[in-house]
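Engineer: My questions will all concern the structure given below.
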Amino acid sequence: MLLDPQKTSWLVQVLTLHYLIDGYLDGERDKSIFRLLDKEGVDLPLASVQFQPAGNLAAPMHAVVPWTMVFGQNQVALIPRDAAAVAYAVQNIPAYLKQSFQAEVYAGPYVIRGKLLCSDSSVRVMPTQSIFPMLDVEVTCLLAGSKLALKAPYLMVLAAHKELIAPVG
């Protein structure tokens, strides 16, 4: 499961309902994750993984584990974290450039604030979109005792857990 050093690996974060997971995605094999237009999250193998609870969970902490599988049904967002991953993700958003607006997305225990990109000129399609990208985001965890907060230039919301989208100022 370890990545071949001859292949492209991208640093990513996966935000799940309960964890923030940092690891390396095989950029050649799994790059289609950034091009999914009508799919829910897919099971995602990552290498050299670190993870932390988003809230006040008493989960054992591991410095680094060689690999893990992040299950799609629990994923809230995928966040590219190095220049190559961000560049690839951004170049694959033309289908979402019909409309954009500043928004707050409430998904699971998180509020995600940023510029939401929509694949249609009407925001009425948002309930049917299973994924959508956001730019210049801030993520805050609303769970009691959580200190999780992060910023990113790009984030892809995997919308199975979206509960509310609201435009902001």
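Engineer: Does Asp22 satisfy the criteria of being at pLDDT 80 or above, within 18 Å of Leu155 (Cα to Cα) and either over 13 Å from the mean Cα position of the chain (by Cα) or surrounded by fewer than 13 Cβ atoms within 10 Å (Cβ to Cβ) (or both)?
Structural biologist: In short, no.
Engineer: Answer yes or no: is there a residue in region 40-56 that is touching a residue at least 60 places away in the same chain (Cβ under 8 Å), in a strand (DSSP E or B) and either assigned by TED's automatic domain parsing to the domain that holds Phe132 or closer than 25 Å to Cys141 by Cα (or both).
Structural biologist: yes
Engineer: How many of the residues making up region 126-149 are within 12 Å of the chain's Cα centre (by Cα) and within 18 Å of Gln75 (Cβ to Cβ)?
Structural biologist: Within region 126-149, residues that are within 12 Å of the chain's Cα centre (by Cα) and within 18 Å of Gln75 (Cβ to Cβ) number 6.
Engineer: Right, something else. Give the residues of region 68-123 that are among the aromatic types (Phe, Trp, Tyr) and within 16 Å of Val12 (Cα to Cα), sorted by residue number.
Structural biologist: Answer for region 68-123, where residues must be among the aromatic types (Phe, Trp, Tyr) and within 16 Å of Val12 (Cα to Cα): Phe71, Tyr88.
Engineer: Residue by residue through region 92-109, note down the ones that are in a helix (DSSP H, G or I) and in contact with a Phe, Trp or Tyr (Cβ under 9 Å, 6 or more places away or on another chain).
Structural biologist: Tyr96 - this is the single residue of region 92-109 that is in a helix (DSSP H, G or I) and in contact with a Phe, Trp or Tyr (Cβ under 9 Å, 6 or more places away or on another chain).
The values are calculated or read from the model by the stated rules, or taken from the named source; none is laboratory data. Predicted model only: the values in this text are computed from it and were never measured. Note that each Cβ is placed from the backbone with ideal geometry, even for glycine, and that neighbours are counted across all protein chains shown.
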